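The structure appears below as structure tokens.
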Amino acid sequence: MIMRPAFFVILLFVGLAWSCQSAKSTGMKPTTSKEREILKKIKALAEFPLTTDVSKLSDNEKSVIPYLIKASQLMDSIFWIESYGDRQELMSHIASPVIREYADMNYGPWDRMDGDKPFVEGVGPKPKGANFYPHDMTKEEFEKADLPGKDGLYTLVRRDDKGKLITVPYHVAFKKYVEKAADYLRKAAEITGDTVFAGYLRARADALLTDNYRPSDMLWMDMKNNHLDIVIGPVETYEDRLFGYKAAHEAYVLVKDMDWSERLKKYIAYLPELQRSLPVDEAYKREKPGMRSDLNAYDAVYYAGEANTGGKTIAINLPNDETVQLKKGSRRLQLKNVMKAKFDKILVPIAGLIIDPSQRKHVKFDAFFANTMFHEVAHGLGIKNTINGKGPVRTALKEHYSAIEEGKADILGLYMVSELLKKGVLKGDMKDYMTTFMASIFRSIRFGAHEAHGMANLIRFNYFKEQHAFERNPDGTYRVNYENFDKAMRNLSGLILKLQGDGDYAGVQKLVDRYGHIGKDLQDALNRIQAEGIPVDIRFKQGEAVLFPDAKSK
Ligand SMILES: [Zn+2]
């Protein structure tokens, strides 16, 4: 599953231009009001080049990556068909280069930033089933149809000559694309020196040609020491808004951050000790902490297809196949350079507006990244089952569970940081972690309380305010009171752990009622962020030429 914050899903922001192009039209002069409007939408997304430290890549890896990117670009082509249909045909009707570029960013003529409204003249509303089903098919017709495998992940639904519904397997419908993609993956397998990675690449090539993805998912979970990685194929089902049955093609080309991945292992080893030290009664910390089976940091060097739409994902959790999950667990991939993009383009400008000038120096990427990583690890701390026979915390807290669990991970992540700093296991200044944490609250609240992360941040903001963890200056900036911040962190940790352990639904409801609202001061801060035009999300400049600018173009 893609960890795409729901607020981005709500706003449906989108990024990136076709292939390896950057936004060409941002330097263009719009001539019509429509162009002006579209150009404004493009510019609301900050451009960021997808790169990694290429000095850490071997010559061999430098020659493997271009094949992985080429295979990924075929996922772009397939996703166009799944999302809309014939790209060429659509483009032939659009004269404006600005609007053409926007169509490429949206993989079609509907504005993912604005509720899928059509922005190309003569185009009607987007079909709910995108192009996975015949556009004239009703839900009822589909449900009544005697069509084995119609709800399969890897088939298109079409009509035969007589108008009867049929299924067409992806590997048949997209034959010319998946054959090319498989060739590229096999080429990469041939030249990589990593035999385990090569095995996965070959299995994935086979999967693209047969639609049997399980064997390659199994091999992917077995891969532990690879420096390069690729997620490729039909993965998520968000694009099918009719039924959510059909998986859309996408790809991520990834370079693992070996240092961070190594460090994470070390921190995870401290979980049992940290569990015992949690600031809550003994009864609430008897469970063994859950260790994520596989958690690593990566730089993404290419996003393609469905992955490249909407708010850009900073974390991936795969595989989705539950059979593979049961046998092999799952892997969480944290995308470090994309987090850096959001840090640079969104969090730093927010801090520059909202954090007390004397404390802005404490807003640092390393702290932002560590807080995010420890959030993930901290999901394993605390309690999964109530201590009073109310069953799993998840069922006891019902619709509030997600917000409380996300709030727990945020606050215990920071708690882990403070404990590991004390032990000397982690380096740095706690002020960096706290100030960065504070600035992040505004970034997360910005998109509303409708969503678990937004609500968690809102509750924390108001709770911390009450505990004087920060002060609002007369000029509207916020100053962190580090001592109180530490106390508030401990108090809120204890409170959340207790609510979870007691399965106290009424208590959580009270917490939400008391703290889950945006007060005047906070609204004022959010308005200033809005007025400043701080980007809502990012779009990528990506591809071989971005990654290896010095290489001669072939
Ligand atoms: Zn989380």
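A few notes on this one:
- Evaluation of Asp116 against (1) at pLDDT 95 or above; (2) at positive phi (one fails), failing number: (1)
- First in segment 398-418 and over 14 Å from Asp504 (Cβ atoms), second anywhere and outside any helix (DSSP H, G or I) and within 9 Å of the ligand (Cβ to nearest atom), Cβ under 6 Å, 6 or more apart: Ala409/His379
- Scope segment 380-406; condition within 15 Å of the ligand (Cβ to nearest atom), surrounded by fewer than 20 Cβ atoms within 10 Å (Cβ to Cβ) and not in a helix (DSSP H, G or I); matching residues: Lys384
- Filter result for the condition that a residue is in contact with a Ser or Thr (Cβ under 8 Å, 6 or more places away or on another chain) and buried (at least 19 other Cβ atoms within 10 Å of the Cβ), over Val98, Val120: Val98
So that you can scan it fast, the table gives a plain yes or no per residue for (1) within 27 Å of Met291 (Cα to Cα); (2) assigned to a helix (DSSP H, G or I); (3) among the aromatic types (Phe, Trp, Tyr):
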residue: Lys408; (1), (2), (3): yes, yes, no
residue: Tyr415; (1), (2), (3): yes, yes, yes
residue: Asp432; (1), (2), (3): yes, yes, no
residue: His450; (1), (2), (3): no, no, no
residue: Asn457; (1), (2), (3): yes, yes, no
residue: Asn462; (1), (2), (3): no, yes, no
residue: Arg479; (1), (2), (3): no, no, no
residue: Glu483; (1), (2), (3): no, yes, no
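- Number of the condition not met by Gln523 [criteria: (1) in contact (Cβ under 8 Å) with a residue 40 or more places away in the chain; (2) under 27 Å from the mean Cα position of the chain (by Cα); (3) assigned to a helix (DSSP H, G or I)]: (1)
- Scoring Ala456 on the criteria (1) among the small types (Gly, Ala, Ser); (2) more than 16 Å from the ligand (Cβ to nearest atom); (3) out of contact with any Leu (no Cβ under 8 Å at 6 or more places or on another chain) leaves a single failure, condition (2).
The values are calculated or read from the model by the stated rules, or taken from the named source; none is laboratory data. Quantities reported herein were computed from a predicted structural model and do not represent experimental measurements. As a convention, Cβ positions derive from the backbone with ideal geometry for all residues, glycine included, and neighbour counts pool all protein chains shown.
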